[in-house]
1. Mind listing just one residue for me: the one in the range 63-82 that is of a type in the set (A, V, I, L, M) and in a helix (DSSP H, G or I) and, of those, surrounded by the most Cβ atoms within 10 Å (Cβ to Cβ)?
2. Specify the residue that is modelled with the lowest pLDDT; the eligible residues are those in the range 144-177 that are in contact with a Lys or Arg (Cβ under 8 Å, 6 or more places away or on another chain), surrounded by fewer than 19 Cβ atoms within 10 Å (Cβ to Cβ) and farther than 15 Å from TRP261 by Cα.
3. Would you check which residues across the range 1-41 are surrounded by fewer than 18 Cβ atoms within 10 Å (Cβ to Cβ) and assigned to a strand (DSSP E or B) and list them?
4. For the range 155-268, give me every one of the helices (runs of 4 or more DSSP H) that falls completely inside it and has 1 or more residues that are among the β-branched types (Val, Ile, Thr).
5. Among the listed residues VAL85, VAL95, which satisfies the condition of being in a helix (DSSP H, G or I) and either β-branched (Val, Ile, Thr) or free of Cβ contacts under 8 Å to residues at least 60 places away in the same chain (or both)?
6. Would you mind finding the one in THR46, THR8 that is over 18 Å from the mean Cα position of the chain (by Cα) and polar (S, T, N, Q)?
7. Please count how many residues of the range 107-133 are modelled with pLDDT of 95 or more and surrounded by fewer than 21 Cβ atoms within 10 Å (Cβ to Cβ).
Amino acid sequence: MTEATNKTIETSTAIINYHDVGTGPIVLALHGGGPGATGWGNFWSTVDELKGDFRLIVPDQPGFGLSTWKDTDDGTYFPLASARVMIELLSKLGVEKAHVIGNSAGGGVAMRMALEAPNAVDRLILMGAYFRGFPRTFMGPAPAGNAHLSEYYPEPTAEKMERMIRAFVFDASKFENLPEIVESRFKLTSDPKLAASYMRFLRSNPDPDPRSPWDMVSSIKHKAQIVWGKDDKFCHLEDAFQYLTALDNSELVVFRDTGHWVMLERPKEFASHVAAFLSR
């Protein structure tokens, strides 16, 4: 496992903790929005697999992990606010354009980056992606995993965290380090400042863009690889086909017996598909 080497950079609105590993074409990897999520926690295995051929920049999004907001809470729509921070992060690192991987809510931020600064984004890898209000049609009952997110606060416990982690994946028995994952994420969510930041993530104002979510997503013309776990309990598999329809230059990869964390459940296969897509 690659050793985590934290670095810090200050943007106009946030102080960002990030990891910068490998050499080659640049890939920005954005974690999801679950309680206790961090960039390294989500993507350490991806870094291990790809660092020989790519430079991977793996931040904690503002309000997660060791990244903090500088300003008071103005209610700015989180995906938009975080996308602007990530665009500024790349600029401060001297990166003109990067591929962007986004898991879950990180996929929404990746798409907002493509909308806000299309020239700063090369290709997109959208894994179990969540873009609020998308798809345009009602696809049945809410995903079963959402109950674990809604119950976690305001009284987080290690037991709630373990239930949520088990829901994220198809087969938790394959994760020998499950206790460590639960402990590290629970510890982060027990910090009052980080808990307050997470509340900011949950309650941010509506998206100021007047277009419908469908129109916003379908206006993205970047090449995109949509990656999904067939057994995802947090984002319906049907959503993947909606993204495939909306994004003109997209392809879809679905993994059987896999949940919401494809990058951790299928690390080698995921990295292989990503490398092939980015190398064409």
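The values are calculated or read from the model by the stated rules, or taken from the named source; none is laboratory data. If you're wondering where the values come from, they're calculated on a predicted model, not measured in any experiment. All Cβ positions, even for glycine, are placed from backbone atoms using ideal geometry, and neighbour counts span all protein chains on display.
1. Start the filter on the range 63-82 by keeping residues that are of a type in the set (A, V, I, L, M), which leaves 66, 80-81.
Next, only the ones that are in a helix (DSSP H, G or I) stay: 80-81.
Working: LEU80: 20, ALA81: 25.
Checked the range 63-82; the qualifying residue surrounded by the most Cβ atoms within 10 Å (Cβ to Cβ) is ALA81.
2. Here the answer is ALA144.
3. Result: LYS7, THR8, ILE9, GLU10, ILE15, ASP20.
4. 158-168, 178-189, 213-218, 237-246, 262-265
5. Exactly one residue qualifies, and that residue is VAL85.
6. On the way: THR46 fails: over 18 Å from the mean Cα position of the chain (by Cα).
None of the other options fit; the residue is THR8.
7. 7
Yes or no, residue by residue, for (1) over 18 Å from the mean Cα position of the chain (by Cα); (2) surrounded by fewer than 19 Cβ atoms within 10 Å (Cβ to Cβ); (3) without any contact (Cβ under 8 Å) to a residue 40 or more places away in the chain:
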{"position": "LYS193", "(1), (2), (3)": "yes, yes, no"}
{"position": "MET199", "(1), (2), (3)": "no, yes, no"}
{"position": "ARG211", "(1), (2), (3)": "yes, yes, yes"}
{"position": "TRP214", "(1), (2), (3)": "yes, yes, no"}
{"position": "ALA224", "(1), (2), (3)": "no, no, no"}
{"position": "VAL227", "(1), (2), (3)": "no, no, no"}
{"position": "CYS235", "(1), (2), (3)": "no, no, no"}
{"position": "GLU238", "(1), (2), (3)": "yes, yes, no"}
